[in-house]
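Bear in mind these aren't lab numbers, they're just calculated from the coordinates by the rules spelled out. In this text the structure is predicted, and so the values were computed from the model without any measurement. FYI the Cβ positions are ideal-geometry reconstructions off the backbone, even for glycines, and counts take in every protein chain you see.
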Amino acid sequence: MSDGDAIFQPDGPDRFRPTELARGPWDPTAQHGGAPAGLLAGALEAFHSDVPMAVLRLTCEFIRPVPLTPLRVETRIVRPGGRVQLVEAQLHAGETVVCRALALRVRRADVPAPDEVDPAPDVPGPDDSAAVRMELFDTGPTMFARDGMEVRMARGAFDEVGPAVAWFRLRVPLVAGERPTPLQRLAAAADFGNGISSAVPWATHLFINPDLTIYVERLPEGEWVGLDARTRVGRSGAGLAESVLFDGRGRLGRSLQGLYVAER
């Protein structure tokens, strides 16, 4: 990969051209959810406010598979306010809305809270965790999970079912020429919860998340974001992936992904 590689290339005001690094695992013509989640997180946190605001909750709804074609972002205020705001960002492919994200923002304030945070899981750090080999996708095209994101397993394995803990770091900028914000890093990583903690085998089943919700207690410090993930699947074909988000200092928040589960 060259120094100019990024998940998205800017293509005019509020317009972006995804690269092959955005590709997801389920459809070679569609993006991994972490790519648009990170892109819209940046738009939502940057939306103007007269008072300083912090994103408390970020919810992404993947209305359609997000294509590897030029995209346009539209952002608007849904609930204005000086203490609490709700901001919406829509991702358009042509005239079709393919993804929508809502950010619940609260006013920043200094409060007498303890300096300590809940500790991170008792697992090796990223330097001592195993680099992931995604053998299922080794012969496939360029993709976000393998080429756009560095993944290191601290507990469990990518090709095994069951709970797992892993570290994530973007290999390239999310948007060319821009440094990813901590919220963008968090959003891009949080969409991997179902992928590392699958309750059914990758080779035989789909477990696609049509949504992603993140509650942010604090933003990550540094490039690495950890997920302590667990997936539960019911007999109806519905599932839920839950992840505790953390960095080297401790807990960051929690993410949830609803799942559609089916045999391939």
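Some notes on this structure:
- Counted charge near G81, where neighbours are those whose Cβ lies closer than 12 Å (Asp, Glu -1; Lys, Arg +1): +3
- Over the chain, the alpha carbon radius of gyration divided by the compact-protein estimate 2.2 N^0.38 Å works out to 0.96.
- Cα gyration tensor, region 64-115 - rounded (a/c under 1.5), prolate or oblate: prolate
- Relative contact order of region 95-238, defined on C-alpha pairs under 8 angstrom at six or more residues apart (%): 23
- Anisotropy class of region 93-182 from Cα gyration tensor, a/c 1.5 cut: oblate
- From phi via Karplus (6.51, -1.76, 1.60), per-residue ³J(HN,Hα) for region 26-40 in Hz, x at Gly/Pro: 8, 8, x, 9, 10, 8, 5, x, x, 5, x, 4, x, 4, 6
- Highest average packing first - 213-225, 111-123, Cβ atoms within 10 Å: 213-225, 111-123
- Cα gyration tensor shape for region 1-138, rounded if a/c is under 1.5, else prolate or oblate: oblate
- Relative contact order for region 1-58, counting Cα pairs under 8 Å that sit 6 or more residues apart, in percent: 18
- Positive contributions from Lys and Arg (+1) and negative ones from Asp and Glu (-1), summed over other residues with Cβ under 12 Å from the Cβ of V97, come out at -1.
- Enclosing the Cα atoms of region 137-180 in their convex hull gives a volume equal to 82 cubic angstrom per residue.
- Span from the region 238-264 Cα centroid across to the region 120-184 one, whole angstrom: 14
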